[in-house]
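Structure first, commentary second.
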Amino acid sequence: MSDPTRPVDPDSPLARRGFLTRVATLSALAAAGSGLAQRALAQAAKPLVDPPGTIPNADVLAAKAQWFSTHSARPLTWSVPAEYHDFDVTPNDRMFIRNNLLTPDLSPANHVLRVRGLVDRPLDIPLAELKKMPSFTTQAMVECAGSGRGGFQPRPSGTPWLPTGGMGCPAWTGVSLADVLKRAGVKAGAVHVAFSGDDFGAVATAPKVIRSVPMAKAMERHTMIVWGMNGGDLPKIHGYPLRMVVPGWVGSASTKWLSGIEVLDAPFKGTYMDDSYRIPRTPVPPGSKLPADAVVTEAWPVKSIITLPGSGDRYKLGGLVVVRGSAWAGDYDIERVDLSFDNGATWQPANLTPRADKYAWRRFRLEAPLRAPAS
């Protein structure tokens, strides 16, 4: 495992790119001299006002590692590049941040989970009572639907995630959603289960974050109602005191600050199901307009990140290079990881860590001689 305290080398390509990007952006705005540019600068300089009942961004970020990159302040989105994510289990201070609204400051003493809809017995479960149900801990992936967007060409709209940012694999503690639904009694005709949280926007008209998943995924044992992360309480930014974890699926399904569950006879209709978090049904050329028959995002395809070497790391020709990383595949298992040092001309199988929890990523490692590129 690499040294988690390693600072960013100011001479590295990563640091230089970030500096040059910031300078170029500010210079372009200043040079433009237009009313639009002047308004943009004025808005950037205007401090954000934190409404009552919310946690300021500065308090949230104080608990995060120094290598986080800011993608937006409102809603708050932050992530670290892969080279600072060289861990078997994602630590709290490296877990990405993706808010759609503000960060609420909720009291666990008054928190109640409501279960409604197509159920025999509507439930109002205080947090303390929920914690008395049979619980378990499992490591599982949560990843923003737009993760890696910064590496796409042409650059799409939306949060400019780093090419290797926007995902994490902590250990979660809670109860199976299926056990709560069985306690409520699911009626015939149930098709989807919707989740809603207690976060809210800076304006009253901001739509609530509500997302639903098919009944089969809701009843899968590892779909969890979570109150713990990595052996402690959920951090406030990650959903305290209660959240959903729908492992292997896009992060929008894993509702934070969970307070409501509703069993439905059809998929939920709303902003975060119908207007965003949608993908083409079949592949389209990069940069194409989203087709009318697009579908809501669900399980992730196979993905991986390289966590070692890092950007700017140097090695001597003829020596050995150690490559480490993580791979995952939504609802499926990783069977093999191959690496190429010559742009795909040849491939070498990496060593995989033993299988762990069903939805945990698998770590891989390969040690190989470093040779000069073929001329």
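For the chain, the solvent-accessible area works out to 50 Å² per residue, with a probe of 1.4 Å and every protein chain left in place.
Membrane-span-like helices in the chain, defined purely by DSSP H runs whose alpha carbon atoms cover 18 Å or more axially and whose average Kyte-Doolittle hydropathy reaches -1.0, are 13-32.
Counting Lys and Arg as +1 and Asp and Glu as -1 over every other residue whose Cβ lies under 12 Å from the Cβ of D357, the net charge comes to +2. Here the stretch 277-375 has an Rg and Dmax of 17.6, 54 Å, counting Cα atoms alone. Dipole size of the chain about its Cα centre, with +1 on Lys/Arg Cβ and -1 on Asp/Glu Cβ: approximately 360 debye, rounded to the nearest 20.
The Cβ shell under 9 Å around I125 holds other residues with a net charge of 0, Lys and Arg each +1, Asp and Glu each -1. Here is how the number arises for the chain: DSSP H runs of 4 or more residues each give -39500 (n - 2.57), the sum is divided by the residue count, and the result at 222 nm is -4000 deg cm²/dmol. Largest GNM mean-square fluctuation across T164, T282, T90, computed for the chain with C-alpha springs under 10 Å, falls on T282. Solvent-accessible area assigned to carbon and sulfur over the chain amounts to 57 percent, based on a 1.4 Å probe.
Scaled against the 2.2 N^0.38 Å expected of a compact globular protein of N residues, the Cα radius of gyration of the chain reads 1.05. What separates the Cα centres of the stretch 284-356 and the stretch 118-175 is a distance of 21 Å.
The values are calculated or read from the model by the stated rules, or taken from the named source; none is laboratory data. Keep in mind it's a predicted model, so treat the numbers as computed, not measured. Cβ: placed from backbone, ideal geometry, glycine included. Neighbour counts: every protein chain shown. Side chains included, ligands, DNA and RNA excluded: accessible areas come from the protein's heavy atoms. Shrake-Rupley method; radii C 1.70, N 1.55, O 1.52, S 1.80 Å.
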